[in-house]
Amino acid sequence: MKNIYLIFSFLITTTLFAQVGVGTTNPQQVLHVDAAKNNNSSTQNIYEDDVVITSEGKLGIGTINPITKVDLRSKTLTDNVIAVGSTTQTATQAKEGALQYNGNLKLSDGANWINLPGKSLNALVYANNSSNQSLANNTQVLIKSWTKQEDVTNSLDVVTGIFTAPKDGVYVVSFNAALSSAAIPNNSYIEIHLKSNASQGVPEYRCLNSYPGFSTGNATNISSINCTGIFYLKKNETLSPNIFHTFGGSRNLINDASYNTLTIYGL
């Protein structure tokens, strides 16, 4: 009987006052949670830890008088931020007005995810190489051991030579290379392979420098090549600079960093 009376009393009180307080005996809205239980204290910032729901269905965090549907604008705190993650939903599934962050802040218009202004840093890599790396004949060799001069998004692994896209976007890649002076046989060639695992666009670019020779016989000289490619990479997709040659034996990357350069720029 006592329990029934208590429940009845609670229901009457809730109905009469239409306000519920959690951690506070003086709720200011329909639902008022005082996480720190400090609303009765004399400290200045007593509402910075509070959460309220008003009779209009507005949610306030750090404020007891929300103006918008969701209001985080505490007058005292300096960390009034909201975190937005990414989604696998299409813009159609997410509906108009949805937000996500995947390298850029994006807004759904109901049909497409639209990049909003104020995007994050674009990749900018400039690296050179004086490693004198050995390059086997008739073998695609990934060029490693780079020295970074600039990498604003820290996206190039200098040990492996692999670049990882920091966000979805277009990347312009330029690779210049030279091999130490050695015999260049007739009808031999050297190639650069700019390779990626891009799921859209062109995944690989190849550039060729050939030495037909005809009747001149073998020559001894430095061989060089350059290649530029434009890739569309999604966040965390990778690309790498590779060299392939048919000079009949192993060759070495020239030991001069000014010849061997890698530049990557995100648009």
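Calculate for the chain the 222 nm mean residue ellipticity that helices alone would give, adding -39,500 (n - 2.57) per DSSP H run of length 4 or more and normalising by residue count, nearest 500 deg cm²/dmol. It would help to have the intermediate numbers written out before the result.
Details: 2 runs with 20 residues, N = 267.
It comes out at -2000 deg cm²/dmol, rounded to the nearest 500.
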Checklist entry - With each label point set 7 Å from Cα along the Cα-Cβ vector, what nm distance links Ser145 and Asn80? => result 5.6
Item to check | Choice from Ala183, Ala94, Ala83 showing the highest fluctuation, given a GNM over the chain with Cα pairs closer than 10 Å | outcome: Ala83
Next on the checklist: Starting from 0.36 nm per residue, how many nanometres of slack lie between Arg73 and Ser250 once their C-alpha separation is accounted for?
Outcome noted: 57.2 nm
Checklist outcome for this item: If one builds a Gaussian network model of the chain from Cα atoms under 10 Å apart, the most fluctuating residue listed among Ser55, Ser250, Ser130 is Ser55
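Per-residue counts of other Cβ atoms within 10 Å, averaged by peptide: what ranking do you get for 254-261, 192-199, highest first?
Ranking, from highest mean packing down: 192-199, 254-261.
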Item to check | Whole-Hz ³J(HN,Hα) from phi, Karplus 6.51 cos²θ - 1.76 cosθ + 1.60, for segment 156-173, glycine and proline x | outcome: 9, 7, 5, 6, 8, x, 9, 9, 10, 5, x, 6, 5, x, 9, 10, 9, 10
Next on the checklist: With 22 Å as the cut-off, how large is the P(r) tail for segment 22-152, expressed as percent of Cα-Cα pairs?
Outcome noted: 64
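Given a Förster radius of 30 Å and the C-beta distance between Ser130 and Val172 as r, what FRET efficiency does 1/(1 + (r/R0)^6) yield to the nearest 0.05? Walk me through the intermediate numbers first.
On the way: r = 24 Å, r/R0 = 0.80.
Given R0 = 30 Å and the Cβ-Cβ separation, E is 0.80.
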Checklist entry - So for the chain: antiparallel DSSP bridges make up what percent, rounded to the nearest 5? => result 95
Checklist entry - If all Cα-Cα distances of segment 109-200 are sorted into 10 Å bins from 0 onward, what percent lands in each bin, rounded to whole numbers? => result 11, 38, 27, 15, 6, 2, 0
Next on the checklist: Can you give me the angle between helix 2-17 and the longest principal axis of the chain, using Cα atoms only, in degrees from 0 to 90, rounded to the nearest 10?
Outcome noted: 80
Checklist entry - Which label marks the calculated value of P(r) over Cα pairs in 5 Å bins from 0, in percent, given the options (1) 1, 6, 9, 11, 12, 11, 11, 10, 8, 7, 5, 4, 3, 2, 1, 0; (2) 1, 5, 12, 17, 19, 17, 13, 8, 5, 2, 1, 0, 0, 0; (3) 1, 5, 9, 10, 10, 8, 7, 7, 6, 6, 5, 5, 4, 4, 3, 3, 2, 2, 1, 1, 0, 0, 0? => result (3)
Item to check | Per-peptide average of other Cβ atoms within 10 Å, ordering 133-144, 152-163 highest first | outcome: 152-163, 133-144
Checklist outcome for this item: Simple spin-label estimate for Gln19/Thr92, 7 Å along Cα→Cβ, in nm, reads 4.9
Checklist outcome for this item: Note to self: C-alpha centroids of segment 237-267 and segment 58-98 sit apart, in Å, by 47
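Since every read-out is calculated from the coordinates, none of them should be taken as a lab result. Since this is a predicted model, take the numbers as computed values, not measurements. With ideal geometry, Cβ positions are generated from the backbone for all residues, glycine too; neighbour counts draw on all protein chains shown.
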